[in-house]
Each structure stands twice: as structure tokens, then as C-alpha cells.
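Structure first, then comments.
The values are calculated or read from the model by the stated rules, or taken from the named source; none is laboratory data. Quantities reported herein were computed from a predicted structural model and do not represent experimental measurements. Every residue, glycine among them, receives a Cβ derived from its backbone with ideal geometry; neighbour counts consider all protein chains shown.
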């Protein structure tokens, strides 16, 4: 409880500091416009803001939240513009795996990391949505953002696609609870009928390396901050493990 109290005090102090910065900015703006305040007036304004924050700290909290929401909206608008400009590298890509209907009119691009627990959580929902929506074109873009184990599994998935075994390996890999290793990947690949020797060779090949570089570059350009992230056509960006219902609702908006 003492620790929580200290946190609250620090937050309150931060609110006051931010308020003073905001007031200082206002004063500078007014001064540049030729409208100045006396030192006494400046101090009075600062005291008014301080007192307001003491009485109701939510004033600044609401302002910070509003700024955060505006920033998120701007980021989303930027990502959707990139999605429209880079459609050939996203929905029109020939280097990524497409699940569902390759010629479907409902286009969704998923950026995901095979080691990400949230990506694993939505996997069954994506399977059912693909079956439920015959016009869904789901483009899978693997981005290894969680370290060496993610890189290993991402390479394995892209290599498996060269044997038309992407989906088979994806399901056993993303449901596996053992520590990832080259030996474990070979074992899982063989268990679903893939050529483990070929898989291992393709994992280190130029095509897999190029696909990974392309996906990472696109994720950076879109300013994707976490996985999974879904691009619903060029209309919506959904970060995180969205529910099945939320995904379906946004996908169905593409029909309108």
C-alpha cells in the first residue's frame, strides 16, 4: 500500500509538472503574438492550474488520454495509407502464404510471430473464420520479433510453404510446448509428412531470407508495434488478439 501511495504521489507531481509546461507553452505562444502577461499574472495562472489539478486530477488525465487517442488515430490513418500505397507488397504479395480464397474479395493481412502467445491464441479463431467466409483472402506475414527462437520458427514456416506444408507445420509448431530447436523442428516437420532435410536447407536459402526481410520492412513502414496485427483491407487496423466476433465484424464490413 505504501508503494501504491508513492506511485500516486509521483503521478500527481507529474500532472502538476505537465500543467506547468502547458501553461509555459501558452505564455510563450501569447508572447510571440505580442500579447504578454506580467510576472504576477503568470504566477496567478500557474496557481489556478495547480489548484484545479489538486481538486480534480482527472482534468489532466483526460487531456493525456485524449492526446493518446489522437496519436493512435493518426498512427492508424498512416498505416492505412501505407496499406493502400503498398498493396502489391501486402495483399498482392506472391511471396507469402495465402489462406482461404486466393481470389477472395475480403482481404485481410496478418502480421504475426509464431512464438507470440496472443498469435497462438487467435489461431483457432482464424481457422474457423477462413472456413466460414468463402470470400476471405488471409495473407500471412511472419515477422520474428521475439528473438532467436522466433527467427528459427519463422524460417521453418516460410520453408514449409515451399513444400505446400505451411499450414500443417504452423499448427504443430504453434501448439508445441517444447523448447524450440532445429532438432525439434525437424521432428515436427517429419510428423506432418514434410521432408525435414529439404526444410532445413530451405530455411537457410535466399528466398526465405528475402521474404523475412520484406515482411520486417513492411512492418516497420506500417509502424506495427506488436503481434498479432491485422489489416482489414484498407479500412481498419486491429492490433492485438482480437476476438473472433471483432474480426468477423470488421471483415464483414468489407462486403459493404
Does residue 124 qualify as being touching a helix residue (DSSP H, G or I) at 6+ places or on another chain (Cβ under 9 Å) and buried (at least 22 other Cβ atoms within 10 Å of the Cβ)?
no
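If I filter the stretch 130-149 down to residues being in a helix (DSSP H, G or I) and out of contact with any strand residue (DSSP E or B) (no Cβ under 9 Å at 6 or more places or on another chain), which single residue comes out as surrounded by the most Cβ atoms within 10 Å (Cβ to Cβ)?
Step one: list which residues in the stretch 130-149 are in a helix (DSSP H, G or I), which gives 130-132, 148-149.
Subsequent filtering for residues that are out of contact with any strand residue (DSSP E or B) (no Cβ under 9 Å at 6 or more places or on another chain) retains 132, 148-149.
Details: 132: 12, 148: 10, 149: 15.
Of everything passing the filter in the stretch 130-149, 149 is surrounded by the most Cβ atoms within 10 Å (Cβ to Cβ).
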Output yes when any residue across the stretch 158-176 is part of a loop (DSSP other than H, G, I, E, B), assigned by TED's automatic domain parsing to the domain that holds residue 115 and out of contact with any helix residue (DSSP H, G or I) (no Cβ under 9 Å at 6 or more places or on another chain), and no when none is.
yes
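Out of 211, 156, I need the residue that is over 13 Å from residue 114 (Cα atoms), under 25 Å from the mean Cα position of the chain (by Cα) and touching a residue at least 12 places away in the same chain (Cβ under 8 Å). Which one? Please lay out each step first, then the result.
Details: 156 fails: over 13 Å from residue 114 (Cα atoms).
Just a single option satisfies the conditions, and that option is 211.
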How many of the residues in the stretch 192-213 are modelled with pLDDT under 95 and either within 26 Å of residue 125 (Cβ to Cβ) or in contact with a strand residue (DSSP E or B) (Cβ under 7 Å, 6 or more places away or on another chain) (or both)?
2
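Yes or no, residue by residue, for (1) over 12 Å from the mean Cα position of the chain (by Cα); (2) at pLDDT 95 or above; (3) not in a helix (DSSP H, G or I):
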site	(1), (2), (3)
190	yes, yes, no
215	yes, no, no
241	no, no, yes
251	yes, no, no
